[in-house]
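Presented below is the structure to which this report refers.
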Amino acid sequence: MTSSSKYIEVAVDFSLYRTLTYQVPESLLPYASTGKRVLVPFRHRRLTGYILGKSADLDNIKIKLILDVLDEKPLFPVSMIPFFRWTAEYYMHPIGKVIKCALPGGINVNDFALISIAETGEKALENGFATPLERKILCRLKSCPCRRKDICNIDGIPVSLISSMESKGWIAKKRKLVGGKTKQKTERYVSLNNKDVTDNGLSLPRRKIIDALRLADEISVKDLKQTVPTAPGLIKSLEKAGYITIFNKRAYRDPFGEPIKFNKAPVLTVEQKNAVDTVASSFGKGFAAYLLAGVTSSGKTEVYMNLAAKAIEQGYSVLVLVPEIALISQMERRFRSRFGECVAVLHSGLSAGERYDQWIRIMRKETGIVIGARSAIFSPLADVGIIIVDEEHDTSYKQEGGLRYNARDLAVVRAKLNGGVVLLGSATPSIQSVYNVKTKKFIKIDLKKRIEQRPLPKITMIDLRKNKDAKGIDQIITPKLYEAMKETLARKEQILLFVNRRGYSSFSLCGSCGEAIQCKNCDISLTLHQKANVYKCHYCGFTKSSFSSCEKCGSFDIKLLGFGSEKVETAVRTLFPDARVSRMDKDTTAKKGSILKILKGIENCTTDILIGTQMVAKGHDFPNITLVGIICADLSLNFPDFRAGERTFQLLAQVSGRAGRGAVPGRVFLQTYTPDHFSILSARDQDFEAFYNVEIGFRKALSYPPFSRIIQLGISGRDKDKAGMHALAVGEFCNISKRGNKSFSKFIEILGPVEAPLPKIAKQYRWQIMLKALNVKVLHKFVSHMLFNNARLFNNSNTSVVIDVDPFSML
């Protein structure tokens, strides 16, 4: 877009499925360019919009003027706009909301209506003209202005009453701009005006400042303080005397922490070299998609780094996606040890300021490699040569709120739109990706051997059905596992215990009446977290004291059943009081830097036993861990989800792969109640092909992905009856739409509406409708037809309808 463009295409930060045209006033023409944010009038409000390019001349139509240009330089490159459009269309999400999701948080500016008491309202209050409800409102507004929704939250206040008081002139409404809290950081710097200046007559501290500045062109006040502690108080007088100049300079907030030592690249194995050469041969030749299927500890990360080096050499940028923040630390440290300061990171664990700074670094091409979690798929890289998706099977790549995108799938799309290469890596590839190999969409590369010919761990299965009479700790850690742990500790080796459930007791009930301790907001039992002395809901965050009595009968006789990572930790500390034990789950990694601290404990061998949830199951490289104990392999197997078997196999195979990654061979003890299930048997034998052949048969017979595509409609509301009635209305409209179109009636399958497996979460009553078809285009056309022909059904004030394309969670 040129600076002379009078009309611009703008995506507004609002629930609008199309872009708008605005006019740029003459005074702002030099500043309005693609990729910048603008403040625009929208209905009766002012909102942030994003310039997507120039629009056709519309001189015969009255077009609104933009109010301001909010950025000095663009926030995203022009090359990302087709990607934003594709994402918005495929996931059926407003394009302005897509761009907002992509950009760093806290930068947008919007306005809201603020209601205050007018002079006539104060008189009405004084003279007793107001009704009791009107008095309640006026008294509230007299203390401070507030939003209309805050007033409506007062019991018994209808919206119509507020409108009536506004028409009487008792209350006044003004609009106020808010937002834009995240800004660039600056630091004070000083420079010497003349290096030949004499410092006679100056105090010793001032002479030290002058001497320091003679050795450098400029120094930050922060660094100068290290030499002269009183420098911040002295520099103003030196500037006034003409010796120095004080100025502000942009500073980046450092998300990395400690520096990393340079690490020389090792010699590649024959398999690794073949993988690197095969993928690198596609650089600059258009789109190509590869699946790197490598057993655990086969050196996939080294393949990634070698490919990144080749891409950088050829002038391309590199994007590396990692499923969880816990893995980013390890990946980022390895890349920085090889590539230094040209690495940037993007993930939700950064502060708003750190994320903004990293974004600007990428946009200014100060870094050629970006490592991040799923949101990093939107990083503003230009000339993307390769996108690497590590642990591509992981469900964490799917966003479950707002824009419900899958970063793995978007990686393929972005590479295709940019004519680049995408590499999906995993020791346990997803059924979908392997199917894409079988249908010639992807090219498969195998790494069948571990580094240095290390053997895969020996897996021993323990049938928990034979342990049913065990009591106490033996229920959690069987005698066989206990003996193996004792032997491992005696050899000064490390142990990993995996349990895919956090907390102390996963199910508690009253010993007197049998009532379960349930969440008041959800249809789910509370989990006891003993260290925090609370029962906690893992869905809405509700907590209650662990000393609470039964709500039904008042008894304090509460039976603690089930177990989680906290209970396993307690058991381990009892069995091995001298062992150094760490726990890695959502509770212990909430504080910034806590993940790195736990991982360093393993790396430095200051931790003997690590207990963890699925955080520890993937990607981590711990050479001294020689024993892995899987406390209960069945926890994810019986979920009401067609992918339950796949996820169980992947989880067990991945956590087993943490053992024996060093010089000493590894052992795995897998405790299970279902030793004959094909997912468990395939994980024990570490045989992906055997698992795939059985699983793909089930999928085909039931016409589930990858043989079909799914869009899930999630209906929820605070009123149980209204939510149910609305779900039935949506279901009826689905059937009417299907019957009214031949292509729909032939290809669309409608399942539901039914109550969700978890019917109530966070005070929301939930229903589901599943739409299935062999072709995703038919599904999109069907849902678009419903969305735009009965918008009120999808935009109801009492009940929400969420469209989830390619859903992962069926709960």
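Data table
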{"quantity": "From R647, R661, residue being touching a strand residue (DSSP E or B) at 6+ places or on another chain (Cβ under 9 Å), open to solvent by 20 Å² or more (accessible area, probe 1.4 Å) and closer than 17 Å to K618 by Cα", "calculated": "R661"}
{"quantity": "Residue match in the stretch 350-362 (condition: among the β-branched types (V, I, T) and touching a strand residue (DSSP E or B) at 6+ places or on another chain (Cβ under 7 Å))", "calculated": "yes"}
{"quantity": "Test: residue in the stretch 239-254 that is at pLDDT 85 or above, open to solvent by 50 Å² or more (accessible area, probe 1.4 Å) and in a helix (DSSP H, G or I)", "calculated": "yes"}
{"quantity": "Verdict on R414 being open to solvent by 10 Å² or more (accessible area, probe 1.4 Å) and in contact (Cβ under 8 Å) with a residue 40 or more places away in the chain", "calculated": "no"}
{"quantity": "Condition broken by L224, with the remaining ones in (1) under 41 Å from the mean Cα position of the chain (by Cα); (2) assigned to a strand (DSSP E or B); (3) surrounded by 12 or more Cβ atoms within 10 Å (Cβ to Cβ) satisfied", "calculated": "(2)"}
{"quantity": "In the stretch 722-773, the residues that are open to solvent by 40 Å² or more (accessible area, probe 1.4 Å), part of a strand (DSSP E or B) and β-branched (V, I, T)", "calculated": "V754"}
{"quantity": "Scope the stretch 191-217; condition open to solvent by 70 Å² or more (accessible area, probe 1.4 Å), not small (G, A, S) and not in a helix (DSSP H, G or I); matching residues", "calculated": "N193, N194, K195, D196, T198, N200, L215, D217"}
{"quantity": "Filter result for P807 (part of a strand (DSSP E or B), touching a residue at least 12 places away in the same chain (Cβ under 8 Å) and not aromatic (F, W, Y))", "calculated": "no"}
{"quantity": "Flag for T527 being in contact with a His (Cβ under 8 Å, 6 or more places away or on another chain), open to solvent by less than 80 Å² (accessible area, probe 1.4 Å) and farther than 15 Å from C632 by Cβ", "calculated": "yes"}
{"quantity": "Contacts under 7 angstrom Cβ, first residue in the stretch 466-483 being farther than 18 Å from P675 by Cβ, partner open to solvent by 70 Å² or more (accessible area, probe 1.4 Å) and among the β-branched types (V, I, T), 6 or more apart", "calculated": "I473/T574"}
{"quantity": "Count of the stretch 493-512 residues which are modelled with pLDDT of 95 or more and open to solvent by 40 Å² or more (accessible area, probe 1.4 Å)", "calculated": "0"}
{"quantity": "Which numbered condition T574 fails, given (1) polar (S, T, N, Q); (2) farther than 26 Å from P759 by Cα; (3) in contact with a Lys or Arg (Cβ under 9 Å, 6 or more places away or on another chain); (4) in contact (Cβ under 8 Å) with a residue 40 or more places away in the chain", "calculated": "(3)"}
{"quantity": "The stretch 643-661 residues that are farther than 18 Å from T301 by Cα and touching a residue at least 60 places away in the same chain (Cβ under 8 Å), paired with ones that are assigned to a loop (DSSP other than H, G, I, E, B) and open to solvent by 10 Å² or more (accessible area, probe 1.4 Å) (beta carbon under 6 Å, 6 or more apart)", "calculated": "R647/S636; Q650/H393"}
{"quantity": "Which listed residue is more than 28 Å from L774 (Cβ to Cβ) and modelled with pLDDT of 95 or more, from R667, R661, R684", "calculated": "R667"}
{"quantity": "Filter pass, R334 being of a type outside the set (V, I, T), touching a Leu at 6+ places or on another chain (Cβ under 7 Å) and either open to solvent by less than 10 Å² (accessible area, probe 1.4 Å) or within 26 Å of M615 (Cα to Cα) (or both)", "calculated": "no"}
{"quantity": "Test for V776: is it surrounded by fewer than 17 Cβ atoms within 10 Å (Cβ to Cβ) and either in contact with a Gly (Cβ under 8 Å, 6 or more places away or on another chain) or not charged (D, E, K, R) (or both)", "calculated": "yes"}
{"quantity": "Scope the stretch 1-54; condition open to solvent by 20 Å² or more (accessible area, probe 1.4 Å) and closer than 16 Å to A88 by Cβ; matching residues", "calculated": "E9, F14, S15, L16, Y17, R18, T19, L20"}
{"quantity": "Filter result (charged (D, E, K, R) and at pLDDT 95 or above) within the stretch 259-284", "calculated": "E271, K273, D277"}
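Every residue, every condition in (1) at pLDDT below 85; (2) part of a loop (DSSP other than H, G, I, E, B); (3) within 30 Å of G401 (Cβ to Cβ); (4) open to solvent by less than 10 Å² (accessible area, probe 1.4 Å), yes or no:
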position: P74; (1), (2), (3), (4): no, yes, yes, no
position: S79; (1), (2), (3), (4): no, no, yes, no
position: F84; (1), (2), (3), (4): no, no, yes, yes
position: K97; (1), (2), (3), (4): no, no, yes, no
position: A113; (1), (2), (3), (4): yes, no, yes, no
position: E122; (1), (2), (3), (4): no, no, no, no
position: D150; (1), (2), (3), (4): yes, no, yes, no
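The values are calculated or read from the model by the stated rules, or taken from the named source; none is laboratory data. Remember, it's a predicted structure, so these values are computed and weren't measured experimentally. Please note: Cβ atoms are built from the backbone with ideal geometry, for glycine as well, and neighbour counts cover all protein chains shown. The protein model used for the area step is the full one, side chains on, heavy atoms only, and it has no ligands, DNA or RNA in it. Shrake-Rupley method; radii C 1.70, N 1.55, O 1.52, S 1.80 Å.
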